[in-house]
Amino acid sequence: MIEKIELQWLLSFQSVYENLSFKLAAEQLQLPTSNISRHVALLEQQLDLRLLERTTRKMIPTASGKKLYQSISPLTQAVNDALEEVTLSGNSLSGQLKIVLPDLPFMAEIIANFCFEHPRIQLSCDTQLNPKEGLLDGFDLVLRFGRGVLEDSGWVAKEILRWPSSVVAAPELLKKHPLPRSLDEMSKAPCITTLSVLKGIPWRFKENQTIQLQSSYKVNSGNIAKAGAMKGLGFAILPTHACQAEIDNGSLINIDLNYEPEDLVLYAFYSGKKYPLEKVKVFLEHLSLGVIGLEDM
């Protein structure tokens with residue numbers, strides 16, 4: 001039967017299964033949506049099976065679709081790895097390098113320099129602050145922020161940058177609310193929290209301490225959080241270097257609590273296989289050299 005099935009049909013089905021969307025699968029594979037839909041339809045026709053139940057509102061894999069996906073995923077990964085290893089026999093890196101990372105200004109030149117040095121690399125770079133867990137398998141490397149102990153994700157985590165952090169507030173806010181001296185007191189104060197990253201509302205402190213907060217100002221941007229703090233909208237945890245000038249001139253006050261906030265860390269995650277792909281290994285080395293001495297995001 002395998003001679004009647006095209007590999008691209010399987011790859012299209014695999015991507016649709018992971019994304020539960022023809023559109024997202026098309027974006028991932030860089031193909032027209034009509035092609036993805038046709039590939040899945042041809043695969044279903046050849047197998048005489050319904051692999052995905054489609055409605056106008058959602059898509060659900062059938063039992064047969066789930067079984068096929070679980071069976072082919074290790075095989076397509078093995079084929080991809082074999083092709084990647086073959087390309088290493090040349091004198092330069094080549095092939096696709098798929099990365100997802102926050103839209104950090106300093107990363108632009110680092111990535112551009114890497115591609116300039118390795119012109120046979122085909123870069124696919126998606127900027128997301130909090131990529132969905134189900135989409136991570138479509139990438140070679142994922143850069144994400146973290147505070148405190150990382151959860152086991154099956155990926156290898158490499159620390160790229162670490163920023164000590166401070167709890168800060170505007171003088172105007174401290175005129176309205178008592179100065180907190182402990183985590184318990186802080187949990188009752190108005191705070192600025194993240195919308196969807198770093199576990200959302202909880203604040204993380206050293207010695208594995210966390211506090212739950214009530215917040216009416218939730219953002220996924222350090223710059224917006226800082227602006228809100230300076231307007232007195234709430235207490236905020238910010239990388240110390242990003243607010244040191246404001247602390248020095250008195251427009252923000254550093255709040256001393258009974259525990260220090262956890263550092264903000266930028267991690268690079270890659271496959272948990274025994275050996276990383278050569279292109280990932282070389283990019284991580286390039287990235288590490290690029291951030292040496294870096295002080296600003």
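Coordinate-derived values only; no laboratory data. Note that the structure is predicted; figures quoted are calculated from it, not measured. Because the Cβ atoms are built from the backbone with ideal geometry, glycine has one as well, and the counts that use them run over all protein chains shown.
Could you run the Karplus curve 6.51 cos²θ - 1.76 cosθ + 1.60 with θ = phi - 60° over the range 66-82 and give me ³J(HN,Hα) per residue in whole Hz, x for Gly and Pro?
5, 5, 5, 4, 5, 7, 8, 4, x, 6, 5, 5, 5, 5, 4, 5, 4
Sorting 163, 203 on the 10 Å Cβ count, fewest up front, what's the list?
Arranged by neighbour count, lowest to highest, 163, 203 become 163, 203.
Evaluate 2.2 N^0.38 Å with N set to the residue count of the range 2-77, then give the Cα radius of gyration divided by it.
Working it through for the range 2-77, the quotient is 0.99.
What dipole magnitude, in Debye to the nearest 20, does the chain give about its Cα centre under +1 on Lys/Arg Cβ and -1 on Asp/Glu Cβ?
960
Classify the range 165-262 as rounded, prolate or oblate from the Cα gyration tensor: take a ≥ b ≥ c as the square roots of its eigenvalues, call it rounded if a/c is under 1.5, otherwise prolate when a/b beats b/c and oblate if not.
Judged from the Cα gyration tensor, the range 165-262 comes out rounded (a/c under 1.5).
Which ordering of 149, 100 is given by a fewest-first count of other beta-carbon atoms within 10 Å?
Exposure proxy ranking, most exposed first: 149, 100.
Which listed residue (240, 213, 261) has the Cα farthest towards the positive end of the charge dipole for the range 165-262, taking +1 on Lys and Arg C-beta and -1 on Asp and Glu C-beta about the Cα centre?
Value computed over the given set: 213.
Among 18, 262, 278, rank each residue by its count of other Cβ atoms within 10 Å, from fewest to most, as a rough exposure measure.
Listing 18, 262, 278 from fewest to most nearby Cβ atoms yields 278, 18, 262.
Over the chain, what is the relative contact order in whole percent, taking alpha-carbon pairs under 8 Å and six or more residues apart?
Relative contact order here is 19 percent.
When the helices in the chain are scored as -39500 (n - 2.57) per DSSP H run of 4 or longer and the sum is shared across all residues, what 222 nm value do you end up with, to the nearest 500 deg cm²/dmol?
Value at 222 nm, helices only: -12000 deg cm²/dmol.
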